[in-house]
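The values are calculated or read from the model by the stated rules, or taken from the named source; none is laboratory data. This is a predicted model, so every value here is computed, not measured. Backbone-built Cβ (ideal geometry, glycine too); neighbour counts: all protein chains shown.
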Amino acid sequence: MEENNLINQQVISNNFFHDFLVFLKYLEERPIKRTITGNISLADIFSLQKQFHQQEIFSEYKKYNWSIRSERQIEFLSKIKIIAESMYVIYKRKEYLILSKNGKGYLHNIDPVTQYWNMVLHYWNRVSWEYFNPSPEINKRSVMDVLQHNQHSLWNSLLRKGIQWIDFESFCQAVKIHFKLEDYYKNIDDFSYYLDIEYGLLKRNIFLFGCVEVEYKKDKYKFDRISHFRPTELGIFMFEKGINSII
């Protein structure tokens, strides 16, 4: 019971999940206008912005006096929309995005933990990791494609670690060897490879969903880089769910 309460708390406190629900509840009240290119209209973006917990990108644009001109500049919002489409909780009608019957059922008929794991599993299985994290390709198969296709091996390896801290660079090297990624990075230094794993697998994926926590250190350029990470209780729950569930 205590473990279930902890998982429920971690689900509710996850900012991406919060904003995913904000997006769907907003659609329940009104359709979202689509631009000619199919993106969410700026008017709707700025209305949604006030309710989102993920404010970093908006703060950064404000800090440098930059303008937001497209949904594509707000990566997490594009990801929310694409996941929602893959779940069939929203659909397109002419120039609008609309909440579907499935979407209404998702909002009102299932508990937050079930809502959360459905959202995450659809990203893991139905959305291209490569789309949000371009990586080197060989014969039209990218590094992110390889990792997504073999995600069960990744989840198993993380489950074996439990909640132990994992050295990030050692993990990267083990992944490169295990999945035979060396040819993708011929004549490229390890830094580029580490960035692909740091962003493609961690920051824009399992860290975003609250499945791991991370520790940082400054690199030689004074930028924060991940030095260690470990699964959270929610992560252990999700890695088991990812291995045993079919979406």
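Checked against the criterion of being under 21 Å from Phe237 (Cα atoms), modelled with pLDDT under 95 and over 17 Å from the mean Cα position of the chain (by Cα), region 147-157 contains not a single residue that satisfies it.
Do we find a residue being assigned by TED's automatic domain parsing to the domain that holds Phe239, part of a helix (DSSP H, G or I) and aromatic (Phe, Trp, Tyr) anywhere in region 134-157? Yes, because at least one residue in region 134-157 is assigned by TED's automatic domain parsing to the domain that holds Phe239, part of a helix (DSSP H, G or I) and aromatic (Phe, Trp, Tyr). The number of residues in region 64-97 that are touching a strand residue (DSSP E or B) at 6+ places or on another chain (Cβ under 6 Å) and among the hydrophobic types (A, V, I, L, M, F, W, C) comes to 3. Residues in region 193-220 that are surrounded by 12 or more Cβ atoms within 10 Å (Cβ to Cβ) and at pLDDT below 95: 1 in all. Exactly one residue out of Gln51, Gln55 is farther than 24 Å from Lys104 by Cα and at pLDDT 95 or above: that is Gln55. Which one of these is touching a residue at least 40 places away in the same chain (Cβ under 8 Å) and under 20 Å from the mean Cα position of the chain (by Cα): Leu21, Leu6? Only one candidate qualifies: Leu21.
When you look at Tyr96, is it outside the structural domain of Phe209 (by TED's automatic domain parsing) and over 22 Å from the mean Cα position of the chain (by Cα), yes or no? Yes. Among the residues of region 43-93, just one is of a type in the set (A, V, I, L, M) and over 22 Å from the mean Cα position of the chain (by Cα), namely Ala43.
The set of residues from region 158-184 being among the small types (Gly, Ala, Ser) and assigned to a helix (DSSP H, G or I) comprises Ser170, Ala174.
Of the residues screened, Ile36 is not one that is surrounded by 15 or more Cβ atoms within 10 Å (Cβ to Cβ), of a type in the set (Val, Ile, Thr) and part of a loop (DSSP other than H, G, I, E, B). If you go through region 94-116 and keep only what is in contact (Cβ under 8 Å) with a residue 24 or more places away in the chain and not hydrophobic (A, V, I, L, M, F, W, C), you end up with Glu95, Tyr96, Gly103, Lys104, Tyr106, Pro112, Gln115, Tyr116.
When Leu97 is tested against (1) exposed (fewer than 13 other Cβ atoms within 10 Å of the Cβ); (2) in a strand (DSSP E or B); (3) not charged (D, E, K, R), only condition (1) is not met. A residue that is touching a Ser or Thr at 6+ places or on another chain (Cβ under 6 Å), surrounded by 12 or more Cβ atoms within 10 Å (Cβ to Cβ) and assigned to a loop (DSSP other than H, G, I, E, B) cannot be found anywhere in region 223-233.
Taken over region 172-201, the criterion of being under 20 Å from the mean Cα position of the chain (by Cα) and of a type outside the set (Gly, Ala, Ser) is satisfied by Cys172, Val175, Tyr193, Tyr194, Leu195, Asp196, Ile197, Glu198, Tyr199, Leu201.
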